[in-house]
1. Exactly one condition in (1) among the polar types (S, T, N, Q); (2) within 14 Å of the ligand (Cβ to nearest atom); (3) under 16 Å from the mean Cα position of the chain (by Cα) is not met by Asn129; state its number.
2. Is at least one residue of segment 140-163 surrounded by fewer than 14 Cβ atoms within 10 Å (Cβ to Cβ) and within 10 Å of the ligand (Cβ to nearest atom)?
3. Considering only residues that are surrounded by 21 or more Cβ atoms within 10 Å (Cβ to Cβ) and of a type in the set (Ser, Thr, Tyr), look in segment 36-62 and name the one that is farthest from His172 (Cα to Cα).
4. Which of the numbered conditions does Lys90 fail, given that it passes all the others? Conditions: (1) within 16 Å of the ligand (Cβ to nearest atom); (2) within 20 Å of Ala25 (Cα to Cα); (3) more than 15 Å from the chain's Cα centre (by Cα); (4) open to solvent by less than 70 Å² (accessible area, probe 1.4 Å).
5. When you check Gly136 against the structure, is it open to solvent by less than 60 Å² (accessible area, probe 1.4 Å), within 18 Å of the chain's Cα centre (by Cα) and at positive phi, yes or no?
6. Looking at segment 63-74, which of its residues are open to solvent by 10 Å² or more (accessible area, probe 1.4 Å), under 30 Å from Leu139 (Cα atoms) and out of contact with any Pro (no Cβ under 6 Å at 6 or more places or on another chain)?
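The values are calculated or read from the model by the stated rules, or taken from the named source; none is laboratory data. Bear in mind that the values here come from a model prediction, so they are computed numbers and not experimental data. Cβ placement follows ideal geometry from the backbone for every residue including glycine, while neighbour counts extend to all protein chains displayed. SASA here: full protein model, heavy atoms, side chains in, ligands and nucleic acids out. Shrake-Rupley method; radii C 1.70, N 1.55, O 1.52, S 1.80 Å.
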Amino acid sequence: MQPNIRPEIETNYNTMSKKGAQIFAQKIKDHPKGTFGFATGSTPIGLYKELVDMHKKENLDFSGITTFNLDEYYPIKRESEHSYYYFMQKHLFGHVNVDQSQVFLPDGAAQNPEEEAQAYETKIHQSGNFIIQILGIGLNGHIGFNEPGESFVAETRYVPLTEITLNANAKHFPNPADMPHHAITMGIRSIMMAQHILLLVSGEAKAAILRDSLFGPITPLVPASVLQLHPSVIVVSDKEAASLLV
Ligand code: GLP
């Protein structure tokens, strides 16, 4: 394994979530006024539950931090149960003492998604570097909604979703007509500016893409392969996801 990539292989989803939460919580303690990057998807739900527990039982303090999420569907209203805003409130922000005025996600209801993407990028730059960015990975190697083929230097922008992502996320939309086909996503350039990346990967289905991302050629065709160029990536996975790593 390259020295910039630290693998933490856990036995199962629960221990993976606990390990990820410990690493993230320590960064909040070290930087109580820092800016932190969050992700959605099924994978980080357990980690968020652990952070909520740490807030309730150990007073983990979120009051000084600023938060940015990777992405949001477009078009979607904040209050829709499918929005990533709703997801973050449900799983984390609604249960901890974060300052809600310092919680940022792209606005999926903005009139002009391209302008919204630019405004989000500007806000990110004004907030300074992220201490740590949580990432999941799509089956096709996407990070955020940076789909295969996107430039490594792309900034926040309005993107169409690929067929594979639409299919993978369809499980969250019982009525297919509700599913947006676009999103606003932080670009790879912005993700790569975080001081540390916490990549969470669970399950056998992700084993091949995790191997390709960490050991395969560095190519926009596998967006997560860019992480090989990041100075500090902590990969927290269960043993199924890590099963093809050497
Ligand atoms: C979504 C999100 C990504 C996430 C990915 C994997 O499309 N935009 O940020 O990493 O899917 O999701 P899951 O954890 O549910 O496999």
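1. Against the list (1) among the polar types (S, T, N, Q); (2) within 14 Å of the ligand (Cβ to nearest atom); (3) under 16 Å from the mean Cα position of the chain (by Cα), Asn129 comes up short only on (2).
2. Checked against the condition, which is being surrounded by fewer than 14 Cβ atoms within 10 Å (Cβ to Cβ) and within 10 Å of the ligand (Cβ to nearest atom), segment 140-163 yields no hits at all.
3. The extreme case among them is Tyr48.
4. (4)
5. No, not satisfied.
6. Thr66
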